[in-house]
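Student: To start, I am sharing the structure in question, which I have written as C-alpha cells.
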Amino acid sequence: MCPRGARLLAGQGGLLEKTEIVAHCLLVEVGRELVLVDTGFGTGDCADPKRLGAVFRASVAPACRERETAVRQIQALGHDPADVRHIVTTHLDLDHAGGLGDFPDAQVHVFGAELAAAKSPALRERARYIEAQWAHGPIWVEHGAGGDSWFGFESIRLLPDLDAEIAMIPLPGHTAGHSGVAVNTSDGWLLHCGDAFFFHGEIETPGRCPPGLRLFETINQHDGKARQRNQERLRELQRNHGDEVTLFCSHDPQMLEAAQRQPAVAT
Ligand SMILES: [Zn+2]
C-alpha cells in the first residue's frame, strides 16, 4: 500500500510524500505441506480492485500487483499452491483475507468471534470485511477460547498432527476476534502479531509510533481498551522474552525486510 503522508505514517519523509506499507504473510513448510499465515491481497483484488471500496483505495492506495500476491510468490519459490493445506488468519480485514480465494481447497483457521463479525458486521465495520473475498466458500475451521498457556498468553495449538508447533494467540481489540500466530522454530518462537500493533517502535519500552499511524489504529479499532491492553502485554513480552520470541506485525516494512533476510526453520 502506498498512501501519502510519509512523515505522519512512517516517521520520516515529507508530509505529502508517498510511503510504503506492506502486508506481511508467513509461509511455513512442514514436510510436504505448506501452512500460510495471512494472505494479504489476492489475484481477485488485482483483477477487480474496486471490490476493496472507494474509501479504502483513496486512503491507503493498495498497489494490487499480481506478482506480489502470496500465490504468485509461493509459485516463484517453486512450490505448488495446492500444497497449501492450511491457512491461519490473524483476522479477516480486507488487506489480510484477499488471497483466500487463491487457495480454495485449504482449511482456513479463524476465531469464531472473527468469523461471526465478518459474516454479519456491525454498520461501522461493514467496509472492513469484503464478502467477495470469500465468495468461493472457504473451508472454515473455527476455534474458540481456552487451551494452553504460552508465555502467559492464552494459546490454542493448531494442527497437532503436523510436525511443527503452531498456535493461535488471541489478541482481540483491532477486530472482534483478532489473533496472533506463534510458530516454533529452531531459533526460538516467531509471533505474527497481525494488526495488534503497526510500527516496530510500539513494542519498545516506552512505546513510540508516528502520529498518523496511531490515529489510523484508533480509527480502525473494534475495542480500544482491549487493543491497548494487548499491546501493553506485547511490550512486556518483548521486554522479558525478546531473546526467545521474535515479534512482528503485518504492516511494518522494516520488520518484513528483517524476516526476509533470515528465514527461520520451523520445528
Ligand atoms: Zn491490516
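The values are calculated or read from the model by the stated rules, or taken from the named source; none is laboratory data. Owing to the predicted nature of the structure, the values given are computational and were not obtained by experimental measurement. Neighbour counts are summed over all protein chains in view; Cβ atoms, including those assigned to glycine, are modelled from backbone coordinates with ideal geometry. Protein only, heavy atoms only, side chains kept; ligands, DNA and RNA dropped before computing areas. Shrake-Rupley method; radii C 1.70, N 1.55, O 1.52, S 1.80 Å.
Student: Can you tell me which residues in segment 191-219 are hydroxyl-bearing (Ser, Thr, Tyr) and either within 15 Å of the ligand (Cβ to nearest atom) or open to solvent by less than 40 Å² (accessible area, probe 1.4 Å) (or both)?
Tutor: Our first condition is that a residue be hydroxyl-bearing (Ser, Thr, Tyr); within segment 191-219, this holds for 205, 218.
The answer is Thr218, and nothing else.
Student: Sticking with this one: Mind checking which residues of segment 29-64 are open to solvent by 40 Å² or more (accessible area, probe 1.4 Å) and in contact with a Gly (Cβ under 8 Å, 6 or more places away or on another chain)?
Tutor: Correct list: Arg51 only.
Student: Also, quick follow-up: Hey, Glu232 hits all of (1) within 16 Å of the ligand (Cβ to nearest atom); (2) exposed (fewer than 15 other Cβ atoms within 10 Å of the Cβ); (3) charged (D, E, K, R) but one; which does it fall short on?
Tutor: Failing condition for Glu232: (1).
Student: Then there's this: If I filter segment 248-267 down to residues being of a type outside the set (Ser, Thr, Tyr) and within 16 Å of the ligand (Cβ to nearest atom), which single residue comes out as surrounded by the fewest Cβ atoms within 10 Å (Cβ to Cβ)? Working first, answer last.
Tutor: Applying the first criterion (of a type outside the set (Ser, Thr, Tyr)) to segment 248-267 yields 248-249, 251-266.
Narrowing the set further to residues that are within 16 Å of the ligand (Cβ to nearest atom) leaves 248-249, 251-253, 255-256.
Values: Phe248: 21, Cys249: 24, His251: 23, Asp252: 22, Pro253: 14, Met255: 20, Leu256: 18.
The residue in question is Pro253.
Student: Looking only at segment 243-255, decide whether some residue is without any contact (Cβ under 8 Å) to a residue 24 or more places away in the chain and assigned to a helix (DSSP H, G or I).
Tutor: To start, the set of residues in segment 243-255 that are without any contact (Cβ under 8 Å) to a residue 24 or more places away in the chain comprises none.
Within segment 243-255, not a single residue is without any contact (Cβ under 8 Å) to a residue 24 or more places away in the chain and assigned to a helix (DSSP H, G or I).
Student: Oh, and also: Any idea which of Glu165, Glu142 is in contact with a helix residue (DSSP H, G or I) (Cβ under 6 Å, 6 or more places away or on another chain) and more than 18 Å from Gly98 (Cα to Cα)? I'd like the intermediate steps shown before the answer.
Tutor: Details: Glu165 fails: in contact with a helix residue (DSSP H, G or I) (Cβ under 6 Å, 6 or more places away or on another chain).
Just one listed residue meets the conditions, Glu142.
Student: Would you pick out the residues in segment 151-176 that are open to solvent by 10 Å² or more (accessible area, probe 1.4 Å) and either within 16 Å of the ligand (Cβ to nearest atom) or within 12 Å of the chain's Cα centre (by Cα) (or both)?
Tutor: If the condition is that a residue be open to solvent by 10 Å² or more (accessible area, probe 1.4 Å) and either within 16 Å of the ligand (Cβ to nearest atom) or within 12 Å of the chain's Cα centre (by Cα) (or both), then Pro172, Ala176 are the ones that fit.
Here is a yes/no grid of residues against (1) touching a strand residue (DSSP E or B) at 6+ places or on another chain (Cβ under 9 Å); (2) part of a loop (DSSP other than H, G, I, E, B); (3) among the acidic types (Asp, Glu); (4) more than 24 Å from Ile139 (Cβ to Cβ):
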{"residue": "Val35", "(1), (2), (3), (4)": "yes, no, no, no"}
{"residue": "Cys64", "(1), (2), (3), (4)": "no, yes, no, yes"}
{"residue": "Arg72", "(1), (2), (3), (4)": "no, no, no, no"}
{"residue": "Gln75", "(1), (2), (3), (4)": "no, no, no, no"}
{"residue": "His86", "(1), (2), (3), (4)": "yes, no, no, no"}
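Student: Next question, about the same structure. Being open to solvent by less than 60 Å² (accessible area, probe 1.4 Å), touching a residue at least 60 places away in the same chain (Cβ under 8 Å), within 21 Å of Asp48 (Cβ to Cβ) and out of contact with any Asp or Glu (no Cβ under 8 Å at 6 or more places or on another chain) is the filter here; which residues of segment 100-131 pass it?
Tutor: Leu100, Asp102, Phe103, Ile130
Student: Then there's this: Of the residues Glu125, Glu114, which single one is within 16 Å of the ligand (Cβ to nearest atom), modelled with pLDDT under 95 and either among the charged types (D, E, K, R) or out of contact with any strand residue (DSSP E or B) (no Cβ under 8 Å at 6 or more places or on another chain) (or both)? It would help to see each step written out before you state the result.
Tutor: Working: Glu114 fails: modelled with pLDDT under 95.
Answer to the selection: Glu125.
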